[in-house]
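The values are calculated or read from the model by the stated rules, or taken from the named source; none is laboratory data. If you're wondering where the values come from, they're calculated on a predicted model, not measured in any experiment. Using ideal geometry, Cβ is built from the backbone for each residue, glycine included, and neighbour counts are taken over all protein chains shown. The accessibility values were calculated without ligands, DNA or RNA, using every heavy atom of the protein model including side chains. Shrake-Rupley method; radii C 1.70, N 1.55, O 1.52, S 1.80 Å.
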Amino acid sequence: MIAQIVRNIKDLQDQLVQHPLYHELSTPADLRAFMEHHVFAVWDFMSLLKSLQIHLTGTTLPWVPVGDPKTRYLINEIVLAEETDLNMYGDRQSHFEMYRSAMIKAGAQTQTMDRFIDAIRNGMSYQHALKLVEAPDPVCQFVTFTFSVLETQAPHKIAAAFTFGREDLIPQMFTAIIGAIQKQFPKEDLSEFSYYFQRHIELDDDTHGPLALSMVEELCGDDPEKWADVLSVSQQALKHRLMLWNGILTHIKKPVLT
């Protein structure tokens, strides 16, 4: 069934890998705009991941074994790296924190995301936090879709968005982004930005991608309805990524009023 899902989403994945956005990042300002939008996808990825951990492992007290041990291992292995990986300086950081540091090094503003995180910490809903910081509409739609999947409370649907909307896609997509950016900005110090992408590519291609695929198989088993859900959610996740990329492209190509 995994092979069938992959075949059915290939066209959408190809559109993302070949998206014109990567080659339109022609100035440092364009790159900063990309990062300021994309950081919200980096953030809500962690919510997908932690939701899977909540559903598939023991996270309540008193503790009891939850679900299949193999599935518990799969998600805990991914959480370990995503939440506490080594940055390029040998310090422990989540990938979100690495990305924020890379934004600062590249000259992108982090105030919007910082205010958003502070609002969430203070108990505000993500919907109100997005409005508070005036997040761009494509960002709002992307994050809202992610949380609509989380709200289903269905582990196989959440795993579909995580696996086929993120993990299985990232090596190809990020390779395309890095290749384009390195050509466009040879003089810019994008070492932390490149490290973030390269680390994601390395983990997702070699470890997390295969683990995530195994997780989907464990969760769906031989249930045709669950596999149909996986296909539907995966397609929607990829379409929302395309909408986000299209929105960023429109933003960077918008003429500056003088």
Problem set entry | Cα centre as origin, Lys/Arg/Asp/Glu Cβ charges: the chain dipole, Debye | 620 debye
For this session: For each pair in Lys131/Lys254; Lys50/Lys105; Lys105/Lys254; Lys157/Lys183; Lys10/Lys183; Lys50/Lys226, compute the distance between the two Cα atoms and list the pairs where it is over 32 Å.
Result: Lys157/Lys183
Problem set entry | Å² of accessible area per residue within segment 136-221, as computed with a 1.4 Å probe and no ligands counted | 38 Å²
For this session: Rank Tyr195, Gly107, His55 by how far each Cα sits towards the positive end of the charge dipole of the chain (+1 on Lys, Arg Cβ; -1 on Asp, Glu Cβ) and give me just the farthest.
Result: Gly107
Exercise. For the Cα atoms of the chain, what angle does the longest principal axis make with the long axis of helix 170-184, in degrees from 0 to 90, nearest 10?
Worked result: 10 degrees
Exercise. Counting Lys and Arg as +1 and Asp and Glu as -1, what is the net charge of the other residues whose Cβ lies under 14 Å from the Cβ of His251?
Worked result: -2
For this session: Would you work out the charge dipole size for segment 126-237 about its Cα centre, treating the Cβ of every Lys and Arg as +1 and the Cβ of every Asp and Glu as -1, and quote it to the nearest 20 debye?
Result: 420 debye
Problem set entry | Folded to 0 to 90 degrees: helix 2-17 orientation relative to the chain principal axis, Cα | 10 degrees
Exercise. Under the definition of Cα pairs under 8 Å and six or more residues apart, what whole-number percent is the relative contact order of the chain?
Worked result: 32 percent
For this session: May I ask you to give the percent of accessible area on segment 21-162 that is carbon plus sulfur, with a probe radius of 1.4 Å?
Result: 55 percent
For this session: Could you tell me which of rounded, prolate or oblate describes segment 1-69, using a ≥ b ≥ c as the square roots of the eigenvalues of the alpha-carbon gyration tensor, with rounded for a/c under 1.5 and, failing that, prolate when a/b is larger than b/c and oblate otherwise?
Result: oblate
Exercise. For segment 122-127, what does the Karplus curve 6.51 cos²θ - 1.76 cosθ + 1.60, with θ = phi - 60°, yield as ³J(HN,Hα) per residue in whole Hz, taken in order and with x for Gly and Pro?
Worked result: 8, x, 6, 5, 5, 4
Seminar exercise, completed: Options [x] 26, 23, 16; [y] 28, 24, 17; [z] 29, 21, 19 for semi-axes √(5λ) of the Cα gyration tensor in Å; the value derived from the coordinates is listed as [z]
Problem set entry | Surface per residue (accessible, 1.4 Å probe) for segment 1-49, Å² | 39 Å²
Exercise. Where does helix 224-253 land angle-wise versus the long Cα axis of the chain, in degrees 0 to 90, nearest 10?
Worked result: 10 degrees
For this session: For segment 111-258, just say rounded, prolate or oblate: build the C-alpha gyration tensor, square-root its eigenvalues into a ≥ b ≥ c, call rounded for a/c under 1.5, and beyond that prolate if a/b exceeds b/c, oblate if not.
Result: oblate
